[in-house]
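Asker: Shown below is the structure under consideration.
The values are calculated or read from the model by the stated rules, or taken from the named source; none is laboratory data. Keep in mind that what you see is a predicted model, and the values were worked out from it rather than measured. Positions of Cβ are generated from backbone atoms using ideal geometry, with glycine treated the same way; all protein chains shown enter the neighbour counts. Heavy atoms of the whole protein, side chains included, go into the accessibility calculation; ligands, DNA and RNA do not. Shrake-Rupley method; radii C 1.70, N 1.55, O 1.52, S 1.80 Å.
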Amino acid sequence: MRSAIITVLTSVVVLTGVAAGGGAGAAPTTAPAGFSPAQLVGPYPSDVPPSGTYLPVLDGFSDLGARHRPVIASNLSQVVRINNSATAAQQRDAIAINYDDRLVSLSDAIGDRLGTVFRQLLAAGKLPKVDALAGGDTARAGLPLGTTLLEKEIYDNPRPFVVAPKAIKRYDKPGGHLYAELAGNGSYPSGHTNMAYWKGALLAYWLPELGPQIIARAGEIGRSRIVLGVHYPLDVMGGRLMGMDIASARLSDPGFAALIDQAGVQLRDQLQRAVGVPLDQFIARDTPYLTTQQAVNDHRAVMTYGFDVIDPGQANTIPPSAAALLRSRFPGLTNAQRLDILRRTAIRSGYPLDQAGSNGGWLRIDLAAAYAATP
């Protein structure tokens, strides 16, 4: 396994060209330094989840069809409702999200002007460390096993527009290939949502003052997949819990967390250089994507998609590794105190996909509310 991971990651470094410092077209003499190949390849303990796959944390899906048929029926009916009632603005956003990198889609959440500055820096190759860890489909933080490809193959759940072709409206750009590309692969869990949440967790970690807005935007990215009719609510919920697991593991791995911290320093330095004033001042004057309370409310609304609790007696707790998600937001607290914040702001257990025991609890994490909390 170790040698296979090294081979895959070495290929990624060569293909993306991020290791030498700077994106495509960036001037070597002026671009900030990127990571070395050795730093990117590792390998790191968090490259492989404890069980070898993410199936154990996702397997709350397995018995829903047998034991909770109303949940499955609602799963489809909600897609039809959300898809059919989507506004023109929601359709345009969903189409853009489908084709954009999730990091670019997330950047809307950091403010009208600051989001523009971020995208300009990223395109100019001035955020090579951020790009290496969180940019594109080959982002190092999601490799090699965080892509959802294996999980989709195992669960092999047909997509809504395949199951109910007459009920789902198709939205795509002129000449687009969205539905043709997705018709033959499984829906559970949502890869776009998974990426939105682990990339969103990293972006929030780098810009904790905008954490609630960033996580709310990750929720919107998930919902956009339902708007298009290519995913169900359960797919989106599964993508979120997988994304939380991935981000927590990366931030709990000291070697990989050091890369994340370096990328955060570079990001904040480059943003501040670009805007010319302290970031807190610029953010205060910018047009916000959402207020903090709006972000918290909006995100809570898409955490369970209106499903009822199906196991009222279920017992689990927030996984201890998740405390690392809040390290930059509450730097003066201990991990035990950060974990307490996650517990206090979490939803209750027992919703669809949540599980008892050590593999449960990921679905309950409301990271937007946790970022907005007070110690």
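Asker: Using a 1.4 Å probe over the heavy atoms of the protein chains, calculate the carbon and sulfur portion of the accessible area of the chain as a whole percent.
Answerer: Numbers: 8340 of 15040 Å².
Here it works out to 55 percent.
Asker: Just flag the GluC sites (Glu not before Pro) in region 104-200 sitting in loop per DSSP whose Cβ has no more than 15 other Cβ atoms within 10 Å.
Answerer: Working: sites: Glu151, Glu153, Glu181; in loops: none.
The qualifying sites: there are none.
Asker: Using a simple charge model, +1 on the beta-carbon of Lys and Arg, -1 on the beta-carbon of Asp and Glu, nothing else, what dipole does the chain show about its Cα centre, in debye to the nearest 20? Before the final figure, lay out each step's value.
Answerer: Numbers: 34 positive and 30 negative charges, 85 e Å.
About 400 debye.
Asker: Oh, and also: For region 261-337, list log₁₀ I(q)/I(0) at each q in 0.14 Å⁻¹, using the Debye formula over Cα point scatterers of equal strength and ignoring solvent, two decimals each.
Answerer: -0.82
Asker: Let me ask another. On a straight-distance basis, which lysines could pair with Lys169 in a cross-link, Cα separation under 25 angstrom, same-chain partners fewer than 8 positions away excluded?
Answerer: Leaving aside lysines fewer than 8 places away in the same chain, those within reach of Lys169 are Lys152.
Asker: So, in Å, what gap is there between the alpha-carbon centers of region 219-256 and region 92-118?
Answerer: Region 219-256 and region 92-118 have Cα centres separated by 17 Å.
Asker: Shifting gears a bit: Sort 329-337, 106-114, 249-257 by the packing proxy (mean of other Cβ within 10 Å over each peptide's residues), most packed first.
Answerer: Working: 329-337: 13.1, 106-114: 21.9, 249-257: 19.6.
Output ranking for 329-337, 106-114, 249-257: 106-114, 249-257, 329-337.
Asker: 222 nm [θ] for the chain, helices only, -39500 (n - 2.57) per DSSP H run of 4+, per residue, to 500? All intermediate terms of the calculation are to be shown ahead of the outcome.
Answerer: On the way: 20 runs with 205 residues, N = 375.
About -16000 deg cm²/dmol.
Asker: Which lysines have a Cα less than 17 Å from the Cα of Lys199, not counting those fewer than 8 places away in the same chain?
Answerer: By straight Cα distance, Lys199 reaches Lys129.
Asker: How far apart, in nanometres, would the label points at Ala183 and Ala73 be if each is projected 7 angstrom from Cα along the Cα-to-Cβ direction?
Answerer: Each label point is offset 7 Å from its Cα along the Cβ direction, giving 3.0 nm.
Asker: When you have a sec, figure out the Kirkwood radius of region 207-331 from all distinct Cα pair distances and drop it here in Å to one decimal? Please report the intermediate quantities before stating the final value.
Answerer: On the way: mean 1/r = 0.0592 Å⁻¹.
One over the average 1/r among Cα pairs gives 16.9 Å for region 207-331.
Asker: Helix 292-301: angle to the longest alpha-carbon principal axis of the chain, degrees 0 to 90, nearest 10?
Answerer: So the inclination is approximately 40 degrees.
Asker: Oh, and also: May I ask you to derive the FRET efficiency for Gln337 and Thr138 from their Cβ-Cβ distance with R0 = 35 Å, giving the value to the nearest 0.05? Working shown, then result.
Answerer: Values: r = 36 Å, r/R0 = 1.02.
Efficiency, rounded to the nearest 0.05: 0.45.
Asker: Quick check: residue separation of Gln272 and Val162 times 0.36 nm, minus the Cα distance between them. What number comes out in nm? Numbers along the way, then the final one.
Answerer: Working: separation 110, 0.36 × 110 = 39.60 nm, distance 4.72 nm.
Value of the extension gain: 34.9 nm.
Asker: Skip the ligands, DNA and RNA, and give the accessible area per residue of the chain with a 1.4 Å probe, whole Å². Don't jump to the answer; show the numbers that get you there.
Answerer: On the way: 15040 Å² over 375 residues.
Here the residues of the chain average 40 Å² of exposed surface.
Asker: Let me ask something else about it. State to the nearest 20 debye the size of the charge dipole of region 46-187 about its Cα centre, where the only charges are +1 on K and R beta carbons and -1 on D and E beta carbons.
Answerer: Using only the charged Cβ atoms, the result is roughly 480 debye.
Asker: When only alpha-carbon atoms are used, what values of Rg and Dmax, in angstrom, describe region 127-167?
Answerer: Here Rg and the maximum Cα pair distance are 15.4, 45 Å.
Asker: Now a separate question. Residues with beta-carbon under 12 Å from that of Pro49, excluding Pro49: net charge, scoring Lys, Arg +1 and Asp, Glu -1?
Answerer: Working: positive: Arg250; negative: Asp47, Glu151, Asp245, Asp253.
Cβ neighbours under 12 Å give a net charge of -3.
Asker: While we're looking at this one, here's another question. Take every Cα-Cα distance within the chain, group them into 20 Å bins from 0 onward, and report for each bin the whole-number percent of pairs it holds.
Answerer: The calculated distribution, bin by bin, is 30, 61, 9, 0.
Asker: About its Cα centre, how strong a charge dipole does region 245-326 have in debye, to the nearest 20, once Lys and Arg get +1 and Asp and Glu get -1 at the Cβ? Show your work: numbers first, answer last.
Answerer: Numbers: 5 positive and 9 negative charges, 59 e Å.
Once rounded to the nearest 20, the dipole reads 280 debye.
Asker: Among rounded, prolate and oblate, which fits region 68-153 when a ≥ b ≥ c are the square roots of the eigenvalues of its C-alpha gyration tensor, a/c under 1.5 means rounded, and a/b larger than b/c means prolate?
Answerer: Working: a/c = 3.46, a/b = 1.48, b/c = 2.34.
Taking the square roots of the gyration eigenvalues as a ≥ b ≥ c, region 68-153 is oblate.
Asker: Find how much the distance from Ala33 to Ala96 grows on full extension, using 0.36 nm per residue of separation minus their present alpha carbon separation; answer in nm with one decimal.
Answerer: Taking 0.36 nm per residue and subtracting the Cα distance, the gain is 19.7 nm.
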